[in-house]
Amino acid sequence: MNYSAGEPIDSEFRSGMIAIAGRPNVGKSTLLNKFLGQKVSITSRKANTTRHRILGVLSEPDCQYVFIDTPGFSTQSKQLVDRAIQKVAVAGIMGVDLVLFLVESRGWHPQDLPVWRRIQSEKLNSIVVITKIDLLARKDRLLPVISEIAQVTGSTEIVPISAQKALNIDRLKSVISKHIPKGPPLFPSDFVTDQDDVFFASELIREQVFRHYGEELPYSCAIQVEKYQLQRSVLHLHALIWMESENQKRIIIGSKGEKIKLVGTRVRQILETKLGTKVYVKLWVKVRSKWTEDERLIANFGYSIQE
Ligand SMILES: Nc1nc2c(ncn2[C@@H]2O[C@H](COP(=O)(O)OP(=O)(O)OP(=O)(O)O)[C@@H](O)[C@H]2O)c(=O)[nH]1
Ligand SMILES: [Mg+2]
């Protein structure tokens, strides 16, 4: 069913803004991608992968879900760039119709508390979503987790899911739809995200850096796309990977450039599948010491630092 923004469809039609919030690594971006049936937000096994507010719209005949994926709430924001990202996380839940508060099926974690406190202090309508239930060794382990989380949060609306195994996603959608207001669609039905192709390409590169390198290294990287151009049906993507030291640069490049080649290949494969065209990826690594502490560079790399 096609519709445009603001089109009066049916008095029962619902649409609303739904923030996906939670501590780092609980599965927020994976859930967004699952809802949309495509990769819009990057994911990795490392905490703090998402650094921007990512919008994803799911348009169904009777409901339009406007999801906002947010960076994980983190209380250990040592660097200036982390504090900028935390502002994005907090801003992401402001003024929405509903917050999905994600908690892992392993049970309540101390880092869940500041997120929950924030949702409550803003008096936001929320649903608690227990994620990654496929990781539970036995089904009967779920019940005690649900009661623990019900007790800590006092919430009665708790939905256990697995985004990876597509468990209970439809049920979650149906619960969400009951919590968002009746009203016309906010976006045209073919609208999926507000991020442009260049931003998405830079995110894909960042994702592959998160996936291919050790624990600390990816947090020092910023991606700058220099060229994104279709020439004779081939997409040319040129980008700089900014790191904070020569040593980091060496690790990113890897012996004989093999490691960075791997990153480029993976980015190329994902983009070729998504776009259906041939893609040519060229990556360079550059050093800008302490950019994560430099207000101007942080802003240059696309992180808002305004109060
Ligand atoms: N087993 C399992 N793993 C999952 C599931 N959902 C997400 N994951 C994994 O959990 C890790 C973190 O997922 P993300 O979606 O990046 O988590 P996030 O909450 O967006 O993380 P940040 O952006 O860092 O805050 C990844 O390795 C995912 O593959 C799930 O349903 N089951
Ligand atoms: Mg994320």
Once you wrap a convex hull around the alpha carbon atoms of region 161-307, what is its projected area averaged over all directions, in nm²? 12.8 nm²
Using a 10 angstrom cutoff on alpha carbons, build the Gaussian network for the chain and name the most mobile of PRO144, PRO160, PRO188. PRO144
For the chain, alpha-carbon Rg and Dmax in angstrom: 20.2, 63
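Counting pairs of alpha carbon atoms under 8 Å apart in space and at least six apart in sequence, what relative contact order in percent does the chain give? Spell out each step's value before the answer.
Values: 587 pairs, mean separation 62.0, N = 307.
Relative contact order here is 20 percent.
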Qualifying lysines (Cα of each under 20 Å from Cα of LYS286; at least 8 residues distant if same chain): LYS227, LYS249, LYS256, LYS259, LYS261
Test of understanding: in a Gaussian network model of the chain with alpha carbons linked when under 10 Å, which of SER44, SER255, SER15 would top the mean-square fluctuation ranking? SER255
Give me the base-10 log of I(q)/I(0) for region 14-179 at each q in 0.13, 0.20 Å⁻¹, Debye formula, one uniform scatterer per Cα, rounded to two decimals. -0.56, -1.42
Using alpha carbon centers only, region 241-271 is separated from region 115-154 by a whole-angstrom value of 38 Å
Using only Cα atoms, tell me the angle between helix 169-179 and the longest principal axis of the chain; keep it within 0 to 90° and round to the nearest 10. 60 degrees
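Give the calculated FRET efficiency between LYS259 and GLN231 to the nearest 0.05, with a Förster radius of 25 Å applied to their Cβ-Cβ distance.
For LYS259 and GLN231, the calculated efficiency is 0.35.
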For the chain, modelled as a Gaussian network with Cα springs under 10 Å, which listed residue fluctuates most, LYS123, LYS34, LYS132? LYS123
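Lys and Arg at +1, Asp and Glu at -1: add these up for the other residues within a Cβ distance under 12 Å of LYS261 and post the number. Mind dumping the intermediate values first?
Working: positive: LYS256, LYS259, ARG266, ARG268, LYS282; negative: GLU258.
Net charge around LYS261: +4.
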For the chain, the longest principal axis of the Cα atoms and the Cα long axis of helix 258-275 enclose an angle in degrees, to the nearest 10, of 50 degrees
Distance in Å, no decimals, from the C-alpha centre of region 13-78 to the one of region 197-227 is 18 Å
TYR3, TYR303 arranged by Cβ crowding within 10 Å, fewest neighbours leading: TYR3, TYR303
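Bear in mind that the values in this text are calculations on the coordinates, not laboratory data. As the structure is a computational prediction, the values presented were derived from the model and not from experiment. So basically every Cβ, Gly included, is an ideal-geometry build from the backbone, and we count neighbours across all protein chains shown.
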